[in-house]
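Please treat every number below as a calculation from the coordinates, not as lab data. All values derive from a computational prediction rather than experimental measurement. Don't worry about glycine lacking a Cβ; one is built from the backbone with ideal geometry, like all the others, and counts go over all protein chains shown.
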Amino acid sequence: ADRAEASGHGRRDTHMEPPASSSASDAASTSAWSPEAADEIDEWNPDRGSFAQHALAGSFAGFAEHSVMFPVDTVKTMMQARPQHCTLPLAAHRGGQTAVLAAAPLTPIDVAARLWRNHGGMRLWRGVQTMFIGCIPAHGAYFTIYEGAKPHLARLALPFLSARRGGGAGGGPAGSGASATAESAQALAAGGAVALGTIAHDLIMTPMDVCKQRMQLSAGGSPGVYACACTILQQEGARAFWLSYPTTLLMNLPYALLMGSANERLRQLFAPDGDPSMGAYFAAGAGAGALAGGLTNPLDVVKTRLQTQHLVAAPLVAAPPPVANA
């Protein structure tokens, strides 16, 4: 859930072609928005509002997404951090004794059902307030850095690409080489801007994610975000808040690349005419998210273990006590 916003950028600008009379330098210095990208529902369009409105809308959209999917995130944290607690003992009864032979892993639905039955429905949303605290500034920083860095990075990339292509001649029409060079510069700049935005976003969200997972795994009642943060600071020091930051970056940067490229490709498959419906947007996003999330999930497990390694969570299902001989 924390990685989805990075995938919404860094892919559409490859379609921004300058007029034939424009030079590559003029094309690369264009802003993040162009008329060709105006129909993208998740692209900033100045005609529909200011950039501040765009960034704020993205922040609230991220918070809504995290909140709706938070019960799934709670189950994921449980299964990643304490897999031995997400098992169901298999017992055998012989000679008046009960012996635990094995432990069958619980499914995500089983884990959610046991949390609901033992602690109530709100247990699945414990720690959700950390998303509201972190999403607004983190997403705001991401959008601001992305939109601000992209045109500057395009101008920096243009001389290098022009030199590699022999000044943009390319053997084609006069404007064709400049247009191709400008497109490549925009694509490279978008990727760099996504990386810079992700670095800032994760720097803000990682401490909140640490508090969120500690609250998700806590056996007692939720102490609140402030009390949780103070406890971590007193017992483990400030380093605990960013211990998983390198792993988070190592996970989220390839996630954004995989998510963005897969999403664009799936859109093309679902809407070959270039006019995707809302259903195509949903299907492409779901497919791309499943692919990127599945490939980067091992790093997500490592991140969760780093953030919760000092926490002892109560098991969901206790082993049956031994029965003495009759």
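How much net charge surrounds CYS230 when only the other residues with a Cβ under 15 Å from the Cβ of CYS230 are counted, with Lys and Arg +1 and Asp and Glu -1?
Counting the neighbours of CYS230, the net charge comes to 0.
Just to be sure I understand the model, the point goes 7 Å from the Cα along the line to the Cβ. What's the resulting ALA286 to THR231 distance in nm?
3.8 nm
Taking 7 Å along the Cα-to-C-beta vector as the label spot, tell me the THR107-THR144 distance in nanometres, rounded to one decimal.
The two pseudo-label positions are separated by 4.6 nm.
Can you list the lysines whose alpha carbon sits under 19 Å from that of LYS303, skipping same-chain ones fewer than 8 residues off?
Partners within reach: LYS76, LYS212.
Quick one: Karplus J couplings for the range 119-132, per residue in order, coefficients 6.51, -1.76, 1.60, θ = phi - 60°, nearest Hz, x for Gly and Pro?
Calculated HN-Hα couplings, in order: 10, x, x, 5, 4, 6, 9, 5, x, 5, 5, 5, 5, 5 Hz.
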